[in-house]
1. How about LYS120: which aspartates and glutamates have a C-alpha closer than 17 Å to its C-alpha, ignoring those fewer than 8 places off in the same chain?
2. Quick one: the Cα spread of the range 149-213 along its three principal axes, in angstroms, biggest first?
3. I need the semi-axes of the equivalent ellipsoid of the range 164-295: take the C-alpha gyration tensor, multiply each eigenvalue by 5, square-root it, list largest first in whole angstrom.
4. Hey, can you rank 147-156, 247-256 by average C-beta count inside 10 Å, highest first?
5. Anyone know which of GLY12, GLY292, GLY85 comes out most mobile in the 10 Å Cα GNM of the chain?
6. Once the principal axes of the Cα atoms of the range 1-144 are found, what is the range along each, listed largest first in whole angstroms?
7. How do the peptides 326-332, 157-163 rank, highest first, by the average count of neighbouring beta carbon atoms within 10 Å per residue?
8. What relative contact order, as a whole-number percentage, does the range 37-84 give when Cα pairs under 8 Å and 6 or more residues apart are counted?
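Bear in mind that the values in this text are calculations on the coordinates, not laboratory data. Everything quoted here is computed from the prediction, not taken from an experiment. Every residue, glycine among them, receives a Cβ derived from its backbone with ideal geometry; neighbour counts consider all protein chains shown.
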Amino acid sequence: MAHSQTYQDSTGHVPAIRVQEPFVAPEGSYWQRLPNQHLFDFSGENGSVYVDPVVQVHGGGTKNMEAEVVWDNIRGARVQATIDGIWHLGGELLERQGVADPILGYWAVQNRIPGWGRSKLGRQGAWNTLETAYYDVSRARGWCGWSDGQWSVDGGIDALHIGAGNRSAFASIDAAPSPYLRIGFEHGGLKSECWATQWNSTERGPLGETAESLFNRSRVFYAVQSWNFHSNWIVQGVYSYVRDKEASIAEEGWQAFGLEENKPYHAERHWGGLELQHHMRFSERSKGILYGQISTDFGGPRWSAGVSSSRGRRLTSLAGWRFASKKWSARLEWVQRTRNHQAEVAFQESPKLAAFEHAGISVHSLWENALTLQSRYHPIPKLELAATGEINDQFIWGRLAIGWQFQSVWPMQCFASMSRINSSSSTSDLDIYSWQIGIQSAIRP
């Protein structure tokens, strides 16, 4: 499946080479071919280059909400290319504005958008509350990859997802894109990968030579080993190391953690976990996956022997089931993210640990607890009926939608939807109805 410029295989893995199947332009005039081809095709003897627009615009109305109109406007362009049959490139540049519904507004008022990162909030000194959240954000992705069938190398700016779920206990597609460099090796049923990346926090560092101080950063390393047993069982082991680039200062009484008072130290973590996938095939055209993940802290070496040891603390757990046939697909998924995910996990008076956040968004799951059910049905190839329901930390919501795909290569779909959103908190009586209509272009809302 492809969400924006992130492509995943059936195991949820994001490969080094992310290109669509070889494209053969249909016959006829340009306007006759347009619904089934790329907008611009610069292919030649030495390779292919495709450029397509991204247009995702929809608007609608609400009931029981201060903002009577909600809308979303995403526009930009995507490019993918193959050079000499060796190098594979892709990328996108997008801009987005809108007035958010309460679920997206919950994040917008924190100046962050899932999958995008930091965003602007408000317009003309207003439109900056949960029920009138105007946001403005942009995003860039890009990557270049090479593979000879066994070895692979790729790098760029992207969110590398780990696992078969929509969310992840290790690295989620909902995280904001970050720069990375990755190397991998695959042989038989074994697959090994390691990559380095960098996460930005929302806290400013000390003022330097620039007019505005930079955001604090963390250096991150991932190593993933996957085993495929009997063709339908997959086990993945994940190890990661996170270290803040900016130093913190040790406080009085931290000698038990191996830190001297007023001396600098770098918050860090060793962590990782396991994923298990069971792939099932019910018929030639129907298959399913059962999957589960768990991640834990291995501890920070400077204070792992102290009373506030983080070693063995559970971080995030996830379990799910996915089914797909020619006309119908469904997914049921549960995720729980513990408070150990935060930087201060033990005691108030103890050294902090490196956080699992990039641009203010968790790299694991958006919610501490969430149960999601999704279903899609295609009575005919281009028509889609979809239903989604979720219970999470803040909301209980459901959505019914109908869509018609009129461009399969970019791709583009016109749709209409109805939603109901309630608060999952006993202190709020939120009960909002909304409807939306528009076009979308494979961007996760």
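1. Straight-distance partners of LYS120: ASP72, GLU95, ASP101, GLU131, ASP136, GLU203, GLU212.
2. That works out to 53, 25, 13 Å along the principal axes.
3. On the way: eigenvalues 306, 64, 35 Å².
Value: 39, 18, 13 Å, ordered largest first.
4. Values: 147-156: 15.4, 247-256: 12.8.
Descending mean neighbour count gives 147-156, 247-256.
5. Judging by the Gaussian network model, the answer is GLY85.
6. Cα spread of the range 1-144 along its principal axes, largest to smallest: 56, 34, 30 Å.
7. Values: 326-332: 15.1, 157-163: 24.1.
In descending order of packing, they fall as 157-163, 326-332.
8. Details: 79 pairs, mean separation 18.9, N = 48.
Computed over the range 37-84, the figure is 39 percent.
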